[in-house]
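The values are calculated or read from the model by the stated rules, or taken from the named source; none is laboratory data. Since the model is a prediction, treat every value here as computed from it, not as a measurement. Reconstructed Cβ throughout: ideal geometry from the backbone, glycine too, with neighbour counts over all protein chains shown.
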Amino acid sequence: MSDAATNLPPGAQLLGREWLGFDESGHALIRFQGQPSFTNRHGTIQGGFLAAMLDSATEICALAAVSPDLTVVTKSLDTRFLKPATIGPITARAQVVERTERDVIVQAHLVDAEGIIVADATARLRILAKR
């Protein structure tokens, strides 16, 4: 699965999304770039941007698990903000935890440059035929 900048949707480009592949335990790894323009009044990454990163990561993980003639759309994203996230690289680690013919559930968490988990989420995605 390639994530060349020219093929990325605008939202993924804004988040600086980079597909890193799978780790030894089968988790999808996706890196994002926390930008100064993403910060809140406290100087940390605003939660909406973290949720967008988790949504993007869970979707790309689900896409990696379905055949190329299918796509996925997020039905729900249950997100928890655990620690303040600072500007810089933020890496998502995502894994499919359940799949049926119509739906897939993906869990993911975001880790900052110091290795601290700053947020996590469970996404429920619908599997659809590509148009």
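Taking the conditions exactly as written (crowded, with 16+ Cβ neighbours inside 10 Å, within 18 Å of residue 8 (Cα to Cα) and aromatic (Phe, Trp, Tyr)), does residue 49 satisfy them or not? It is true that residue 49 is crowded, with 16+ Cβ neighbours inside 10 Å, within 18 Å of residue 8 (Cα to Cα) and aromatic (Phe, Trp, Tyr). Can you tell me which of (1) out of contact with any strand residue (DSSP E or B) (no Cβ under 8 Å at 6 or more places or on another chain); (2) loosely packed, with under 14 Cβ neighbours inside 10 Å is the one residue 20 doesn't meet? Of everything listed in (1) out of contact with any strand residue (DSSP E or B) (no Cβ under 8 Å at 6 or more places or on another chain); (2) loosely packed, with under 14 Cβ neighbours inside 10 Å, residue 20 misses just condition (1). Restricting the stretch 74-88 to residues that are without any contact (Cβ under 8 Å) to a residue 40 or more places away in the chain and either outside any strand (DSSP E or B) or touching an Asp or Glu at 6+ places or on another chain (Cβ under 6 Å) (or both) leaves a set whose member that is nearest to residue 35 (Cα to Cα) is 83. Taking the stated definitions as given, is residue 59 assigned to a loop (DSSP other than H, G, I, E, B) and either farther than 20 Å from residue 84 by Cα or in contact with an Asp or Glu (Cβ under 8 Å, 6 or more places away or on another chain) (or both)? It is false that residue 59 is assigned to a loop (DSSP other than H, G, I, E, B) and either farther than 20 Å from residue 84 by Cα or in contact with an Asp or Glu (Cβ under 8 Å, 6 or more places away or on another chain) (or both).
Rundown of residues vs (1) among the aliphatic types (A, V, I, L, M); (2) touching a Lys or Arg at 6+ places or on another chain (Cβ under 9 Å); (3) more than 17 Å from residue 109 (Cα to Cα), yes/no style:
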| residue | (1), (2), (3) |
| --- | --- |
| 13 | no, no, yes |
| 35 | no, no, yes |
| 38 | no, no, yes |
| 65 | yes, yes, yes |
| 77 | yes, yes, no |
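When 85, 123, 119, 129 are checked against the criterion of being within 15 Å of residue 28 (Cα to Cα) and not β-branched (Val, Ile, Thr), a single residue qualifies: 123.
When we screen 91, 71, 39, 100 for residues that are of a type in the set (S, T, N, Q), surrounded by fewer than 20 Cβ atoms within 10 Å (Cβ to Cβ) and touching a residue at least 60 places away in the same chain (Cβ under 8 Å), the only hit is 91.
Look at (1) outside any strand (DSSP E or B); (2) modelled with pLDDT of 95 or more; (3) farther than 14 Å from residue 124 by Cβ and you find that residue 1 fails only one, number (2). Looking at 62, 85, just one residue is touching a Ser or Thr at 6+ places or on another chain (Cβ under 8 Å) and of a type outside the set (Lys, Arg), and that residue is 85.
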